[in-house]
Amino acid sequence: MVKRNMDVPWSYSGANGPEYWHTLCDWYAEGATFRYQSPIHLRHDAASQIVHSSEAISFHYQTERFTEKEFKNTIHFIPFECDSYVTFNNVDYALTDIHYHLPSEHWIDGQQQSVEIHLVHMDKEGNNLVVGVLCEIAPEILAEGPLRQSAVWDLDRHLEVFDPSVFLPKTRSHFHYVGSLTTPPTKGPINWFVFDEIAQLSRAFLSQFQEEILQGNNRPLQELRGRDVYYFPDRTE
Ligand SMILES: [Zn+2]
């Protein structure tokens, strides 16, 4: 009998590792048939410049309540009301989940970073849009910078109120391409937006979740397969 179940276990190494995900159940197998998988290696010199600002993503984040949960091999921060959203091509996508990977899944110009934060969004039809933020780990608690407000998490109440903009870098230039989820069922198409400014994430923030963090929860790079990658410069500067 073929397993078709969201709870089929998978991991980042061994018999349930990334090279075997598509063999674990037919749901994962179906996702893996999407030709354009993620993550990929992003390069400024190979990306097409986007000239029309109508093709940009816009952020409409606001302060709201989040809880944290461990599942799918990482820590997830989940909003209660999903009031924050982004707009792309006149479609609104609500922020549904924030989680991270160590080290980064995407590479930029030959460089992998220590952490990649994923802000996962969904429109009314259930289509996903994911924003990726590559980060270095700052050794000290950040007094300034985009992630300073996220330095402390209330682990007793499992509740925190913050503006998810704290996870975004200052400069909004980014790569855009069509890919897949980077975890099973690795389905696509998914619109990806990856900032090229490397953000700073304080070690104090990460160490709160240290016991539950799985190091090495990054899917290996996938083939580009001739797909187009776009680059959108920040025009506010
Ligand atoms: Zn992710």
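All of the numbers you see were taken from the coordinates with simple rules; none came from a lab. From a predicted model like this one, the values you see are computed outputs, not experimental measurements. Cβ coordinates were reconstructed from backbone atoms using ideal geometry, including for glycine residues, and neighbour counts include every protein chain displayed.
Under a 10 Å cutoff between Cα atoms, tell me which one of A204, A32, A15 has the largest fluctuation in the Gaussian network model of the chain.
Among A204, A32, A15, the largest mean-square fluctuation in the Gaussian network model of the chain belongs to A15.
Find, among the GluC sites (Glu not before Pro) in region 1-104, those assigned to loop by DSSP (not H, G, I, E, B) with at most 16 other beta-carbon atoms within 10 angstrom.
Loop-located and lightly packed - E81.
Considering lysine pairs in the chain that are 8 or more places apart or on different chains, how many have Cα atoms under 20 Å apart?
4
Order 217-227, 176-186, 33-43 from most to least packed using the mean count of other Cβ atoms within 10 Å.
So the peptides 217-227, 176-186, 33-43, ranked by packing, come out 176-186, 33-43, 217-227.
Compute log10 of I(q)/I(0) for the chain with the Debye formula, placing one identical point scatterer on every Cα and leaving out solvent, at q = 0.09, 0.12, 0.15 Å⁻¹, to two decimals.
For the chain at q = 0.09, 0.12, 0.15 Å⁻¹, log10 I(q)/I(0) is -0.37, -0.67, -1.09.
If you count the DSSP beta bridges with both ends in region 17-131, what percent of them are antiparallel, to the nearest 5?
On the way: 27 of 29 bridges.
Within region 17-131, antiparallel bridges account for around 95 percent of the total.
What 222 nm value per residue comes from the helices of the chain, counting each DSSP H run with n ≥ 4 as -39,500 (n - 2.57) and dividing by all residues, nearest 500 deg cm²/dmol?
-1500 deg cm²/dmol
Place a label point 7 angstrom from the Cα of R43 along the Cα-to-Cβ direction, then list the residues of region 93-108 whose backbone nitrogen is under 14 Å away.
Within reach of a label on R43, which here means backbone N under 14 Å from a point 7 Å along Cα→Cβ, region 93-108 contributes 107-108.
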